[in-house]
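Data block below; observations after.
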Amino acid sequence: ASVSAPTSEGIDVAERFGLTVIGFVRGAKLNCYCHPERILS
């Protein structure tokens, strides 16, 4: 967990290794920073 948004370097690493990065989750809302196609609504 973190108190801020991911850095651009963190997002680049996640994309390289096939990780989905999600942040700022509040109820049914969230920010998906890479691989949003993996999220089911």
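Each reported figure results from applying straightforward, stated rules to the coordinates on display, with no laboratory input. Because the structure is predicted, anything quoted here is derived from the model rather than measured. Cβ: placed from backbone, ideal geometry, glycine included. Neighbour counts: every protein chain shown.
A few points about this structure:
- Dipole of the chain, positive end: most advanced residue of 20, 3, 35 [Cβ charges, Cα centre]: 3
- Relative contact order of the chain: 32 percent, from C-alpha pairs under 8 Å at least 6 residues apart in sequence.
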